[in-house]
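This report concerns only the one structure given below.
The values are calculated or read from the model by the stated rules, or taken from the named source; none is laboratory data. All figures in this text were calculated on a predicted structure; none of them were measured in a lab. Cβ placement follows ideal geometry from the backbone for every residue including glycine, while neighbour counts extend to all protein chains displayed.
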Amino acid sequence: MGETLQSAASFTVEPLDRTFGAIIRDIDLRGLDDAAFDDLYQNWLTYGLLIFPGQNLSKPEQMAFARRFGDLIEELKAVEISNVKPDGSLRDAPDDDMMKIIRGNMHWHQDSTYMPVQAKGAVFSAHVVPKRQGDTAFADMRDAYDALDEATKERISSLSAYHSLEYSQRAVGEETKKENSEYIGYGMNVADVPLRPLVKTHPETGRKALAVGRHAYGIPGLPEADSEELIAALNRFAVADERRIYQHRWTAGDVVLWDNRCLMHKACEWDFSEPRIMLHSRIAGDPESEGAQPQ
Ligand SMILES: [Fe+2]
C-alpha cells in the first residue's frame, strides 16, 4: 500500500502498490452528498479502480450508487453473476449457459466492447464468496499502452479490431445456445460487429489506453494470422507486468467500481461446488466516445 491520503470530502484514499487502484475507507456509499460524490468521481478517474470494503449494499442501493455515474445498461442494471440457480441449487450441468459465460469471462476483457456502445464502467459487489479463490483481477491498460515501445505504438496507432462475444465464447469452446437459454443473450446476434481502435483515448482524462482483450479479432488490413498474432502479443504484453495487475480477494460486503474505458478485468477460478454470488451493475458508455468506429 502507498501512503493514506485524506480526501476533502473526509473519506480516506489508500492507493494500491500498483500503477492504478485505491481502497476507499471511511465512506458510506448510500449517503454521499454532491461534494463527496464529485471528489469520489475524480478519484475514480485518477485510479481507475476503487475498492470499498464492508459496504453491504442492497440491490436498490447498489443501483442507486451506480446510477450516479451514468445511465445503467437496461439488461444489466443489477444482475447476479453466480453459479447458484434461482431455486438455490448449484449450476453443475456442463452445458449450462450461465456457466459458459462465467468461464468465458475468466479471460481478460473489457465489458460490452462487442456492443455498439461499450460500457463506461461497472459497480460489482460480493454477496456470497467461496472459502478460497473466486477473485477478480484487473489490469491497467493506460500503463500497458505507456510501456509499449515507440515502434509498436506507431504500428497500432491506426489499427482497429472487431469485437464479438460470439467470437470470444467460440474461441474458448464455450458457445452459448441462442434459444431457450437461461443466459439473457446480451451480446449475441449483434447485427453490425463493432470495430474499435486498438488505442482508446479516455474521453475525460485524455490518457491513451491499449484496447484489446478476448473479444478482439480480425484487424482490417492485416492477414488473419498476423492479426491473431498481434492481438495475442498485445494481450500478453498488457498483463506481463505485475505492477499493472491487481487481483482482488473478496469479502462479502465489498463493493468495487472500475473504469471500463481504461482497465481490463477477468474472473478467477474457484471450486464450482461452492456458491459464489456477485451483483453486477453496468454503466452505459457515451455513444460519442464509446461508440464503435464507422465502418
Ligand atoms: Fe466482465
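Numbers below:
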quantity	calculated
Tally, over the range 215-237, of residues that are touching a residue at least 12 places away in the same chain (Cβ under 8 Å) and outside any helix (DSSP H, G or I)	8
VAL212 being part of a strand (DSSP E or B) and either in contact with a strand residue (DSSP E or B) (Cβ under 8 Å, 6 or more places away or on another chain) or more than 16 Å from the ligand (Cβ to nearest atom) (or both)	no
Residues that are surrounded by fewer than 22 Cβ atoms within 10 Å (Cβ to Cβ) and either part of a loop (DSSP other than H, G, I, E, B) or not aliphatic (A, V, I, L, M) (or both), drawn from the range 255-269	LYS266, CYS268, GLU269
Conditions (1) at pLDDT 95 or above; (2) surrounded by fewer than 17 Cβ atoms within 10 Å (Cβ to Cβ); (3) more than 28 Å from LEU45 (Cβ to Cβ); (4) away from the ligand (no atom under 16 Å from the Cβ); number of the one not met by TYR167	(4)
Conditions (1) in contact with a strand residue (DSSP E or B) (Cβ under 8 Å, 6 or more places away or on another chain); (2) in contact (Cβ under 8 Å) with a residue 60 or more places away in the chain: number failed by ASN56	(1)
Identity of the residue in the range 270-289, within 15 Å of the ligand (Cβ to nearest atom) and not in a strand (DSSP E or B), that ends up surrounded by the fewest Cβ atoms within 10 Å (Cβ to Cβ)	ARG276
Qualifying residue in the range 60-67 (condition: assigned to a helix (DSSP H, G or I), surrounded by fewer than 18 Cβ atoms within 10 Å (Cβ to Cβ) and of a type in the set (Lys, Arg))	yes
Scan of the range 188-217 for residues that are within 18 Å of ALA233 (Cα to Cα) and among the charged types (D, E, K, R), ordered by number	ARG196, LYS200, ARG214
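Residue-by-condition table, conditions (1) surrounded by fewer than 20 Cβ atoms within 10 Å (Cβ to Cβ); (2) within 12 Å of the ligand (Cβ to nearest atom); (3) assigned to a strand (DSSP E or B):
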| residue | (1), (2), (3) |
| --- | --- |
| ARG103 | yes, no, no |
| SER112 | no, yes, no |
| LYS120 | no, no, yes |
| VAL123 | no, no, yes |
| PRO130 | yes, no, no |
| ALA161 | no, no, yes |
